[in-house]
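**Q** One structure, as structure tokens, below. Some questions next.
Please treat every number below as a calculation from the coordinates, not as lab data. Every value quoted in this text rests on a predicted model; they were computed, and no experiment measured them. Note that we place each Cβ from the backbone using ideal geometry, even for glycine, and neighbour counts take in every protein chain shown.
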Amino acid sequence: MKKVTLNKVSYKYKDVAGLLGDQMGFSEFKTKPPTVNGFFKLYNENFYSLDKSVHNNFIIKSENHVGTVDNPRNLEIERLKQRLETVQLEIDSADREHPYFINGSIIMHKDFNVGYTAGNGGIDSEGRIKGPRYYMHSGKKRPISGEYTLYSKIKNRLGMKDLKDSEVIVFLWPGGLDAIADGPPVNKIQDLFISSYEVNMYKPNS
């Protein structure tokens with residue numbers, strides 16, 4: 001078996017005291033060994049007169065010995081950030097209302113509330129109104145895809161199957177229609193049930 005020789009380096013108190021006294025300005029260390037309380041008493045008394053490099057050296061050596069210590073202030077900041085994210089998510093997920101048109105309304109441009117003209121839309125012989133329609137959801141207008149089939153399903157879903165389109169649809173002037181923010185399109189009946197968060201966060205062309 002190979003012998004391993006271990007060398008232990010020892011320092012005399014006077015050497016350590018001299019080092020601390022010379023480097024940190026604690027002349028008291030040169031005369032007598034300080035107690036723990038005595039050490040920190042001297043440290044606190046000389047705290048603001050010590051060079052920043054001395055404080056930094058304390059921090060580095062302490063962290064090397066015991067590991068990084070979590071600053072309570074940083075922990076509180078992180079907790080507040082998480083709380084802020086939670087509150088913001090609650091705000092973004094809240095169902096919003098337009099000041100004039102309730103959610104679940106069907107709205108159209110007023111120019112389609114006229115007799116049907118091929119290629120332009122309007123009211124046909126069966127009382128159906130053709131043209132771009134929008135479904136109000138969380139205060140935004142969501143374009144309803146398709147000519148009439150999907151709108152008819154939505155109308156039935158809203159319990160307005162037996163009502164005429166003219167009794168269901170709210171007609172707006174162009175300025176009023178354009179002033180309402182756009183929401184995600186309704187391409188199928190299931191799209192009616194997406195969350196308010198998805199509608200609120202929707203950005204056209206995104």
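**Q** Calculate one ³J(HN,Hα) per residue across segment 158-172 by plugging θ = phi - 60° into the Karplus curve 6.51 cos²θ - 1.76 cosθ + 1.60, and present them in order as whole Hz with x for glycine and proline.
**A** Once θ is set to phi - 60°, the couplings for segment 158-172 become 7, x, 10, 4, 8, 8, 6, 4, 5, 8, 9, 8, 9, 9, 10 Hz.
**Q** On a full-extension model of 0.36 nm per residue, what is the gain between Asp111 and Ile189, subtracting their alpha-carbon distance, rounded to one decimal in nm?
**A** Length gained between Asp111 and Ile189: 25.5 nm.
**Q** Cut-off is 10 Å between beta-carbons; in what order do Asp165, Asp92 appear when sorted fewest neighbours first?
**A** Ordered from fewest to most neighbouring Cβ atoms within 10 Å, Asp165, Asp92 come out as Asp92, Asp165.
**Q** Also, quick follow-up: For the peptides 173-182, 194-203, 48-57, what is the packing order when you average, over each peptide's residues, the other Cβ atoms within 10 Å and list the highest mean first?
**A** 194-203, 173-182, 48-57
**Q** Please list 137-145, 118-126 highest first by mean number of surrounding beta-carbon atoms within 10 Å per residue.
**A** Highest to lowest by the protection proxy: 137-145, 118-126.
**Q** Another one. Mind scanning Lys140/Lys164; Lys155/Lys203; Lys110/Lys141; Lys130/Lys155; Lys155/Lys188; Lys141/Lys164 and naming the pairs with a C-alpha gap bigger than 18 Å?
**A** The answer is Lys140/Lys164; Lys155/Lys203; Lys141/Lys164.
**Q** Moving on. With a ≥ b ≥ c taken as the square roots of the eigenvalues of the C-alpha gyration tensor of segment 78-180, please select rounded if a/c is under 1.5 and otherwise prolate if a/b is larger than b/c or oblate if it is not?
**A** In terms of gyration-tensor shape, prolate.
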